[in-house]
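The structure appears below as structure tokens.
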Amino acid sequence: MPNTKPVVVITGATDGIGRATAQTLAQAGWRVGVLGRNPERTRTTLSGLNATHPDAAFPIVADLSSMAATRDAVTAIRSATDRLDALLLNANHITQEHQVTAEGFEANVAIGWLSRVVMMRDLESLIEKTGGQILSVVGRNLGRIDGDDLSLPGSPGGMATLGQWQWAMQVYLRAWNTHGAVPANTYMPGLVKTKILNDEPGRLQRLAVKAAMLVVATSPEQAAENVVATIGTVSRGDIRDHYFSGAEDKGIRGIEASPQDIDRIWDLGTRVTTPWLA
């Protein structure tokens, strides 16, 4: 019997916002694709979801710093479901030192931008068929990527490349919403009580993060409620290239990117990911 539940695939679904959103959507009757890097944590998350809501979830294990692994993840998703109502691009990892993957990309850029491009392009037809949407989770940091060398020679990694991939991802989404058939929007959770910033370099930075976590950070569960509300808002209208802060629609975000930047990042992101399309 064909699946009639709405289906969401969540990257980075074994911790933080991703796991809390998986739980919230499973409780609401969705079928959840749990995409995680660690096999054991993916199994644990899956077991928890299916224990309370039978057949609520299916697993995809992939290290999204690898484009080949991302391609294999797409193949697994297409084998597991014939519909996709939402693709939540949430996976992120701040590699503090400069690291280049075996495929030649700076590691943060590979996870945060390029793997998302591969998944968007490869799953577009499945999402379009269902009338679904893409939601990309980013922070507020914005940098720039100038030039075509995505190994980012000389980059310090860490927060610097966090800003660079977040800029590139949002510029790419701006072009996507002109070229693509599937609406794509951005969700900015603000400071959330997750582990992503625990390894900030420098004692003072770590202390500042811990203090902010105590005072202003929201819980992953609240962030998940905002994500679900955002998915609902987008599904009720043709909303494209907006960014949501909390559950509030902030409209189109101002990004320091010229028309030439938008064309360049679209062409670059499309070109370098083409060899890894399924």
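The values are calculated or read from the model by the stated rules, or taken from the named source; none is laboratory data. What you are looking at is a predicted structure, and each value in this text was computed from that prediction instead of being measured. As a convention, Cβ positions derive from the backbone with ideal geometry for all residues, glycine included, and neighbour counts pool all protein chains shown. What goes into the accessible areas is simple: the full protein's heavy atoms, side chains included, and nothing from ligands, DNA or RNA. Shrake-Rupley method; radii C 1.70, N 1.55, O 1.52, S 1.80 Å.
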- prompt: Got at least one residue in the stretch 103-114 being open to solvent by 10 Å² or more (accessible area, probe 1.4 Å) and within 14 Å of the chain's Cα centre (by Cα)?
  reply: yes
- prompt: Does the stretch 123-141 contain at least one residue that is of a type in the set (Asp, Glu) and touching a strand residue (DSSP E or B) at 6+ places or on another chain (Cβ under 8 Å)?
  reply: no
message: For the stretch 264-278, which positions are surrounded by fewer than 16 Cβ atoms within 10 Å (Cβ to Cβ) and closer than 13 Å to residue 147 by Cα?
response: 267
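Results for (1) modelled with pLDDT under 95; (2) open to solvent by less than 40 Å² (accessible area, probe 1.4 Å); (3) more than 20 Å from residue 271 (Cβ to Cβ); (4) among the charged types (D, E, K, R), shown as yes or no for each residue.
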site	(1), (2), (3), (4)
117	no, yes, no, no
128	no, no, yes, yes
138	yes, yes, yes, no
141	yes, no, yes, no
151	no, yes, no, no
157	yes, yes, yes, no
- prompt: Filtering the stretch 27-86 down to residues that are of a type in the set (Lys, Arg) and part of a loop (DSSP other than H, G, I, E, B), which residue is least open to solvent (accessible area, probe 1.4 Å)?
  reply: 83
- request: Kindly indicate which of 111, 127 is of a type in the set (Val, Ile, Thr), closer than 15 Å to residue 68 by Cα and in a helix (DSSP H, G or I).
  value: 111
message: Could you check the stretch 191-246 and list, in sequence order, the residues that are outside any helix (DSSP H, G or I), open to solvent by 30 Å² or more (accessible area, probe 1.4 Å), among the charged types (D, E, K, R) and modelled with pLDDT of 90 or more?
response: 240
task: Identify, from the list 263, 249, the residue that is at pLDDT 90 or above and touching a strand residue (DSSP E or B) at 6+ places or on another chain (Cβ under 8 Å).
output: 249
- prompt: Taking only pairs six or more apart or across chains, which ones have beta-carbon atoms under 6 Å, a first residue in the stretch 57-81 that is free of Cβ contacts under 8 Å to residues at least 60 places away in the same chain and over 21 Å from residue 129 (Cα atoms), and a second residue that is of a type outside the set (A, V, I, L, M, F, W, C) and open to solvent by less than 10 Å² (accessible area, probe 1.4 Å)?
  reply: 59/42; 60/33; 61/42; 64/70; 64/115
